[in-house]
Amino acid sequence: MNGIGEFFAENPMAVVIAAGEIGFWVFIAAGLAVRYVLRARRASAVLLAMVPLVDVVVLVATAVDLAGGAKANFTHGLAAVYLGFSVVFGPGLVRWADERFAHRFAGGPPPPPKRRGREKLRHEWREFSKCVLACGLAAVALLAAILAIGRPDQVAPLWSWFPRLGTVTVIWLVTGPLWEGLFGKREEVRS
């Protein structure tokens with residue numbers, strides 16, 4: 001445990017990112033609990049509106065840290081990736097959680113059944129396209145930081161995120177739509 005504390009002490013941006021992820025889920029859970037358990041739709045809307053503000057806080061904290069002269073490191077790049085994925089996948093995660101809360105606490109319809117066959121393959125391609133968009137947004141955020149800072153010695157670690165984004169995209173392609181396209185129908189026949 002001591003190593004984790006040291007890591008966070010040396011990387012304050014890691015604390016901001018971790019707090020952002022925790023805040024993301026806390027605001028979703030609180031917003032949905034207020035909506036379905038307390039039946040307070042207006043208060044729920046306010047809490048759910050806070051979800052995107054978490055992204056803004058992470059972005060502003062990263063910009064302030066870098067503008068204050070901090071040398072960019074792994075966590076600054078991670079903040080850009082977090083931002084890209086949160087913006088693209090966040091609304092779907094809220095919908096996913098909302099379906100389950102509505103079913104569990106408000107007598108809503110059950111969540112949709114698991115996708116199979118062509119529907120599953122289309123879903124995998126949609127999710128992969130969202131991954132490409134998230135990586136694209138992260139790349140734009142990284143480039144913006146690199147250009148804004150402008151000092152090669154200060155931004156060198158940010159460049160290392162571009163191959164990582166490419167690796168994530170390739171892994172997602174292989175384990176998502178390509179895997180489903182090659183092996184999904186065999187699984188469907190067995191069921």
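The values are calculated or read from the model by the stated rules, or taken from the named source; none is laboratory data. Remember, predicted model here, so these are calculated numbers, not experimental data. Every residue, glycine as well, gets a Cβ built from its backbone with ideal geometry; the counts of neighbours run over all protein chains shown. Accessible surface areas use protein heavy atoms only, side chains included; no ligands, DNA or RNA. Shrake-Rupley method; radii C 1.70, N 1.55, O 1.52, S 1.80 Å.
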Filtered residues of segment 9-26 (kept if exposed (fewer than 14 other Cβ atoms within 10 Å of the Cβ), more than 15 Å from the chain's Cα centre (by Cα) and hydrophobic (A, V, I, L, M, F, W, C)): 9
Qualifying residue in segment 93-112 (condition: part of a helix (DSSP H, G or I), among the β-branched types (Val, Ile, Thr) and in contact with a Cys (Cβ under 6 Å, 6 or more places away or on another chain)): no
Which members of segment 135-152 meet the condition of being of a type outside the set (Val, Ile, Thr), farther than 14 Å from residue 75 by Cα and in contact (Cβ under 8 Å) with a residue 12 or more places away in the chain? 135, 136, 137, 139, 148
Taking interchain pairs and intrachain pairs at least six residues apart, which have beta carbon atoms under 6 angstrom, with the first residue in segment 72-84 and open to solvent by less than 10 Å² (accessible area, probe 1.4 Å) and the second in a loop (DSSP other than H, G, I, E, B)? 75/11
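Residues of segment 113-132 being open to solvent by 80 Å² or more (accessible area, probe 1.4 Å) and either closer than 19 Å to residue 168 by Cβ or not charged (D, E, K, R) (or both), which ones?
We begin by selecting, within segment 113-132, every residue open to solvent by 80 Å² or more (accessible area, probe 1.4 Å); these are 113-116, 118-119, 122, 125-126.
Residues satisfying the conditions are 113, 125, 126.
Do we have residue 156 as open to solvent by less than 60 Å² (accessible area, probe 1.4 Å), small (Gly, Ala, Ser), at pLDDT below 95 and within 25 Å of residue 7 (Cα to Cα) here? Walk me through how you get there before you give the answer.
Numbers: open to solvent by less than 60 Å² (accessible area, probe 1.4 Å): yes; small (Gly, Ala, Ser): yes; at pLDDT below 95: yes; within 25 Å of residue 7 (Cα to Cα): yes.
Against the criterion (open to solvent by less than 60 Å² (accessible area, probe 1.4 Å), small (Gly, Ala, Ser), at pLDDT below 95 and within 25 Å of residue 7 (Cα to Cα)), residue 156 qualifies.
Tell me yes or no: at least one residue of segment 50-57 is touching a residue at least 40 places away in the same chain (Cβ under 8 Å) and within 21 Å of residue 164 (Cα to Cα). Give the derivation first.
Applying the first criterion (touching a residue at least 40 places away in the same chain (Cβ under 8 Å)) to segment 50-57 yields 51, 57.
Narrowing the set further to residues that are within 21 Å of residue 164 (Cα to Cα) leaves none.
Scanning segment 50-57 turns up no residue that is touching a residue at least 40 places away in the same chain (Cβ under 8 Å) and within 21 Å of residue 164 (Cα to Cα).
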